[in-house]
Amino acid sequence: MTTGTPHQGRIRIGTAGWAYADWNGVLYPKPMLRGVDRLTYMTHYFDVIEINSTFYAPADEPKVEGWLAKTAHAPDFRFAIKLWQRFTHERASAWTRADERDARIALEPLHAAGKLGAVLVQFPWSFRRTEENRMWLGDVVSAFREFPLVVEIRHESWNVPHFYDSLAELGVGFVNIDQPLFKKSIKPSAAVTSPIGYVRVHGRNYKEWFRESANVRERYDYLYSPDELAPWVSRVEQIAARAEDVYVLTNNHNLGKAGVNALQLKSMIEHRKVVAPPRLFEGYAGALAPFAEPG
C-alpha cells in the first residue's frame, strides 16, 4: 500500500490467519461467493496474511502451491509464515535435519516466488533469557538464516540492549507486540533490527490470557478502540522510517475483530477511508464507519 506520507518503508497490514470458522457470515459472505476462495477474498482488502497453520504442522507442497495460485493476481501481496512449533515450543529435545526439511517445504517455494515477507519465529512467554535459550535461538536462526526472519519474544527479560544488537548483527527482525501486560510481559515498542519491521497486536484480554483452560477464541477475544490503536499508528510510522518493509498483523481474531482493527489501522495510517468486506462492515458498522466503506 502507498501511505501518502514520506515513509521509507512499505507498510502492509493484514490479519494473522484467515481460515477461521467463526468468520463465516461475519467477515466472509455466507454462503461464500461462488468460485471465490477465502484467501483470494482477503487479498482484496489486505496486502499481507500471516499463515498460522504452519505453526501446528508443516505444510505440504500442494497446499503451498494453492496459496501461490490463489494470490497470483496480487503481485504486491505477501505472506508472513509462522515457523513450526517444533523449533520454538517443543524444546525438550533437539530437532532433526528431517524437521528442518519439513519446515522448508513451505518456506522455499514462497521465498522463490517473492511472496515471503517474513518468517515469524514466535516463542512463548515462558521462553526467558537464559544462556540455554540464547543458544537455542541462535541455532534456530542459523538453521533458517537464508530466509527473512523476525523473532517474537514475550518475556521482559529479553529487553536488554545486547539482545537487540545481536539481532541486528544477524540481520534478524524484532517483532513489536501488543499483549496483556503482566509483571514480566514485554511492553509495546518500535524497535527495528533488520530491513523488516514487524508489529503484532494480540488483544488485551487479561482475564483469559493465562487461563489454562481458555481456548484460542477466548484468549484472543478483544476489539481495540481507535484510541488504543493510535499509539500503534505512531509506532508503525517510526518503524517505517527505519525499515524497508513493514508488516502489521492483527491476531485478535475472534469473530473477525482482527479484520476490524486491521482496517482501522490501515485507514489511520493512510489518512483516508478504506474498503471493508460488506458483511464485516455490517456487523461492526459503529466501529468501521469512520474508517471504511463497504465494497
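Among the residues of region 1-21, are any loosely packed, with under 13 Cβ neighbours inside 10 Å, of a type outside the set (Lys, Arg) and farther than 26 Å from Asp178 by Cβ? For region 1-21, residues loosely packed, with under 13 Cβ neighbours inside 10 Å, of a type outside the set (Lys, Arg) and farther than 26 Å from Asp178 by Cβ: absent. Inside region 27-45, can you point out the residues that are among the aliphatic types (A, V, I, L, M) and surrounded by 15 or more Cβ atoms within 10 Å (Cβ to Cβ)? The answer is Leu27, Leu39, Met42. Look at region 199-227: where a residue is more than 18 Å from Ser185 (Cα to Cα) and touching a residue at least 60 places away in the same chain (Cβ under 8 Å) and a partner is in a loop (DSSP other than H, G, I, E, B) and not hydrophobic (A, V, I, L, M, F, W, C), sitting 6+ places away or on another chain with Cβ atoms under 9 Å, you get Arg217/Tyr20; Arg217/His253; Leu223/Gly203; Leu223/Asn252; Leu223/Tyr284; Pro226/Pro290.
Taking region 234-295 and the strands (runs of 3 or more DSSP E) fully enclosed by it, the elements with 1 or more residues that are under 14 Å from Phe46 (Cβ atoms) and touching an Asp or Glu at 6+ places or on another chain (Cβ under 9 Å) are at 245-250, 274-276. Selection of region 78-92 for residues being surrounded by 20 or more Cβ atoms within 10 Å (Cβ to Cβ) and over 12 Å from Ala118 (Cα atoms) yields Trp84, Phe87, Thr88.
Within region 232-285, if we keep just the residues that are closer than 20 Å to Phe79 by Cα and among the acidic types (Asp, Glu), the residue that is nearest to the chain's Cα centre (by Cα) turns out to be Asp245. Only residues that are modelled with pLDDT of 95 or more and among the aliphatic types (A, V, I, L, M) were counted in region 22-50, giving 6.
The values are calculated or read from the model by the stated rules, or taken from the named source; none is laboratory data. The shown structure was predicted, so the numbers you read here are calculated from the model rather than taken from an experiment. All Cβ positions, glycine included, derive from the backbone under ideal geometry; neighbour counts span all protein chains shown.
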